[in-house]
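The values are calculated or read from the model by the stated rules, or taken from the named source; none is laboratory data. Here the structure is a predicted model, which means the values were calculated and not measured. Using ideal geometry, Cβ is built from the backbone for each residue, glycine included, and neighbour counts are taken over all protein chains shown.
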Amino acid sequence: MEKFGMRFSFKEDVKRIVVICAASVIMALNIKTFVRTGGLYPGGATGLTLLIQRVGELFLGFELPYTLINVLLNLGPIYIGFRFIGKKFTLYSCLSIMMTNVLTDVLPSLAITYDTLLISVFGGIFNGLAISMCLMMNATTGGTDFIGIFLSERKGVDSFNVVLGFNAVLLVIAGFLFGWEKALYSIIFQYTSTQVLHMLFKQYRQHTLFVVTNHARRIYEVIAKNSNHGATIIEAEGSYEHQERKIVYSVVSRAECKDIIDGIRAVDPKAFVNVINTQQVSGRFYQRPYE
C-alpha cells in the first residue's frame, strides 16, 4: 500500500475499521427501521438512492437493488476523493459505503414505530451519529460528503450551500412524486441529523485562545505540539500588580482545545486562559490533511 502513499498502523487502523463498521451497521439499521418505515428521504446519495428505488417501484413495478444504485452514484465522488482528497481516507470511506449497502440489502425491515414525527427525530439522531462516527475516524459515508470536502478544501467554495441546494432539489422532486408530507418530515430528519453532527463532530469549529502567562514560549510550544498551529505573543502589563506579562494568542480547532489547555496547565498552573468561540477565520489556518 505504501506505493499508493498509504501507511498503516495496526492499532490505529483496527480502531478505525471497528468504528466505521459499527457506524455502517447503525446506518443500515436506521434505513431499514426508521427511514423506510417513515418513507423519508435523507440527504445526499442515500436519499437519492431511496428516491430512485421508489421511482422504480412506482413506474417500473420492481425494486432496484440498493447496493447497485448507491455504488453507481458514488463512483464519481469516490474518484474525486481518491484523486484530490486522500487515498486512505477514500479507502475507508469505501468500506463504509459498501458495508452499509450490503447490510441494507440483507437486513430485514423492522418497524419500531409508525409515528412519522418520532421516526423523523430518532432517525435523524441515528443518522447524525453514524455520520459523526465515520468523520471522527477520518472517513465519510460517501456521496455529497466527498464533493463537499473537495469544494471546501480545494476550491474554497462554501460546500454547505452546495449540499443544501442538492438536498432541497431532492426533496422537491420527492414532494412532487410522492407527496409533500413525507418531504416535509424529511426536513425534520435532516435538521435533527445536522444538529447531532454539529454537536459530536468538532474538527471544523474553532476556538480563540488568550493565555496570560510568564512562560509564553513554552505555552506556544504546547500549542504547536498539540495542534500544529502558530501563536502571537503580545507584550502586556498586569494592571493590579503592574508587572510585565505575556499574552499568547492563537486559534485552534475545538477538538484540540482540551489537550492544549491541559498542556498549558502542566506548564504554568497560574496561567489565565480565556477561550472564545470563533465565528470565522480569514487567512492561513492549518487543517490536518486527509490521508
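General remarks:
- Residue check for residue 209: in contact (Cβ under 8 Å) with a residue 12 or more places away in the chain, surrounded by 16 or more Cβ atoms within 10 Å (Cβ to Cβ) and within 25 Å of the chain's Cα centre (by Cα): yes
- The test for being assigned to a helix (DSSP H, G or I) and more than 22 Å from the chain's Cα centre (by Cα) holds for residue 225.
- Boolean, residue 268 is of a type outside the set (A, V, I, L, M, F, W, C), within 28 Å of residue 197 (Cβ to Cβ) and modelled with pLDDT of 85 or more: no
- For region 30-60, a residue qualifies if it is crowded, with 19+ Cβ neighbours inside 10 Å and assigned to a loop (DSSP other than H, G, I, E, B), and the qualifying residues are 40, 41, 42, 43.
- Residue that is under 30 Å from residue 47 (Cβ atoms), part of a helix (DSSP H, G or I) and not assigned by TED's automatic domain parsing to the domain that holds residue 27, where the choices are 266, 255: 255
- Exactly one residue among 69, 80 is farther than 29 Å from residue 122 by Cα, surrounded by 14 or more Cβ atoms within 10 Å (Cβ to Cβ) and assigned by TED's automatic domain parsing to the domain that holds residue 187, and that residue is 80.
- For region 125-179, filtered to residues that are over 18 Å from residue 205 (Cα atoms) and among the charged types (D, E, K, R), the residue that is modelled with the lowest pLDDT is 155.
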